[in-house]
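Visitor: Structure provided below as structure tokens; questions to follow.
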Amino acid sequence: MTARPLRELLRVPVGERPDLGRIDPAATPGGPADKTAGRAATAAMARPLASLQERLYAASTAGDRRRLLLVLQGMDTSGKGGTVKHVIGLFNPSGCRIQSFKAPTPEEREHPFLWRIEKALPQPGEIGIFDRSHYEDVLIARVRELAPRSRIDGRYAQINRFEESLAEDGVSVVKVFLHIGYEEQRARLLARLDNPDKHWKFSTADIDERALWPAYQEAYELALERCSSDAAPWFVVPADRKWYRNWAVSRLLLEHLEEIGPRYPPGDFDVGECRARLLAT
């Protein structure tokens, strides 16, 4: 593994448009040598991640407003749900706030597109995880022409202002694009068809969406270019290899939590006096 922080290796530079066609979705940049090593390395992060999470929550009880928000985006079958499952396995679920964003409800359509996002944000001390997010409003909305192009174009600036305000309020925003390959997606969809227990995860619409693959890649490239900022950068995680995907997202979370550096707040009582009182009972 490289000694270079993964957040530097996978980050989309500000103002730069990535060429997703040139990024190998089966690559393992900065990662362990193979699946066995990757799984071991991911498991080894469980203890430090849990410790950092506990300190983050403990600090919030003393007024620290800092928290972390993991935003997951990617094509169908890229592993958003699987990533959530593995990430939660490394944390105390009671300190996590998970939200999966589907098509807007009638009530949500009556409000600005960021309204439902603001309601789902993590509270101080929490770790929030978004399975899809406000970026759907510049991705599927753009590809499927669900809103006028002028309105969609204005949303990039709105998103940047929104995420900057989050950062100013103590939210570390970790935005991850799970980059899966076209052939790998077909293989995963076929695996769902071959397994009756997975038919509930399959939709005939998935086949229709594959016909729009180039348009979605362009929409993602545009979102990554326009919304990777110093306050909330984007990270492209190759996702064809599930073990690498899980390791990389866990590593990114570890690096960001270490940067936050939460500490246990000091007690507001006399330890010696409390000890004496307890011993006297």
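Visitor: Over the range 214-253, consider all pairs of different Cα atoms and compute the Kirkwood hydrodynamic radius from their mean reciprocal separation; express it in Å, one decimal.
Guide: Roughly 11.5 Å, rounded to one decimal.
Visitor: Can you tally the lysine pairs in the chain where the Cα-Cα distance is under 23 Å and the two residues are eight or more apart, or on different chains?
Guide: Count of close lysine pairs: 23.
Visitor: Would you mind telling me which residue in A147, A248, A46 has the biggest mean-square fluctuation in a Gaussian network model of the chain, where springs connect alpha carbons within a distance under 10 angstrom?
Guide: Evaluated over the chain, the most mobile residue of the options is A147.
Visitor: Once you put a point 7 Å from the Cα of I88 and another 7 Å from the Cα of A103, both along the Cβ direction, what distance in nm separates them?
Guide: 2.5 nm
Visitor: Can you grab the distance from the C-alpha centre of the range 176-255 to the C-alpha centre of the range 79-120, Å, no decimals?
Guide: 17 Å
Visitor: In square nanometres, what is one fourth of the surface area of the convex hull spanned by the alpha carbons of the range 62-166?
Guide: Mean orientational projected area (the range 62-166, Cα hull): 7.7 nm².
Visitor: Using the eigenvalues of the Cα gyration tensor, what equivalent ellipsoid semi-axes result for the range 191-241 when each is taken as the square root of five times the eigenvalue, whole Å, largest first?
Guide: Listed largest to smallest, the semi-axes of the range 191-241 are 30, 15, 9 Å.
Visitor: Let me ask something additional. Using only Cα atoms, tell me the angle between helix 213-226 and the longest principal axis of the chain; keep it within 0 to 90° and round to the nearest 10.
Guide: With both axes taken from Cα atoms, the answer is about 40 degrees.
Visitor: Could I ask something else about it? Could you work out the mean projected area of the convex hull around the alpha carbons of the range 134-277, in square nanometres to one decimal?
Guide: Over all viewing directions, the range 134-277 projects a mean Cα-hull area of 14.2 nm².
Visitor: Per residue, how much accessible area does the range 72-165 have with a 1.4 Å probe, in Å²?
Guide: 48 Å²
Visitor: Additional query: Percentage of Cα-Cα pair distances in the range 1-79 greater than 20 Å, rounded to whole percent?
Guide: Everything past 20 Å amounts to 56 percent.
Visitor: Something else: Given just the C-alpha atoms of the range 118-199, how large is their convex hull per residue in cubic angstrom?
Guide: Hull volume normalised by residue count: 148 Å³.
Visitor: Using 1/(1 + (r/R0)^6) with R0 = 35 angstrom and r between the beta carbons of A33 and A58, what's the FRET efficiency to the nearest 0.05?
Guide: Computed FRET efficiency for A33 and A58: 0.45.
Visitor: Percent relative contact order of the chain, based on C-alpha pairs within less than 8 angstrom and at least six residues apart?
Guide: After rounding, I find 35 percent.
Visitor: From the P(r) of the range 203-281, can you give the percent of Cα pairs sitting at distances over 17 Å?
Guide: Taking all Cα-Cα pairs of the range 203-281, the fraction more than 17 Å apart is 73 percent.
Visitor: Then there's this: Simple spin-label model, 7 Å along Cα-to-Cβ: L279 to A44 in nm?
Guide: Distance between the two pseudo-spin positions: 4.2 nm.
Visitor: Run the accessible area of the chain with a 1.4 Å probe and give the carbon-and-sulfur part as a rounded percent.
Guide: 51 percent
Visitor: Note the full-extension length gain between R4 and R144 as 0.36 nm times their separation in residues minus their Cα-Cα distance, in nm to one decimal.
Guide: 46.5 nm
Visitor: Would you mind getting the Kirkwood hydrodynamic radius of the chain from its Cα pairs, rounded to one decimal in Å?
Guide: Averaging 1/r across every pair of different Cα atoms and inverting gives 20.2 Å.
Visitor: Could you grab the Rg to Rh ratio for the range 91-148? Cα atoms only, Kirkwood for Rh.
Guide: Answer for the range 91-148: 1.04.
Visitor: Find how much the distance from D268 to R11 grows on full extension, using 0.36 nm per residue of separation minus their present alpha carbon separation; answer in nm with one decimal.
Guide: Full-extension gain reported as 88.4 nm.
The values are calculated or read from the model by the stated rules, or taken from the named source; none is laboratory data. Everything quoted here is computed from the prediction, not taken from an experiment. For neighbour counting, all protein chains shown are included, and Cβ atoms are generated from backbone atoms with ideal geometry for every residue, glycine included. SASA here: full protein model, heavy atoms, side chains in, ligands and nucleic acids out. Shrake-Rupley method; radii C 1.70, N 1.55, O 1.52, S 1.80 Å.
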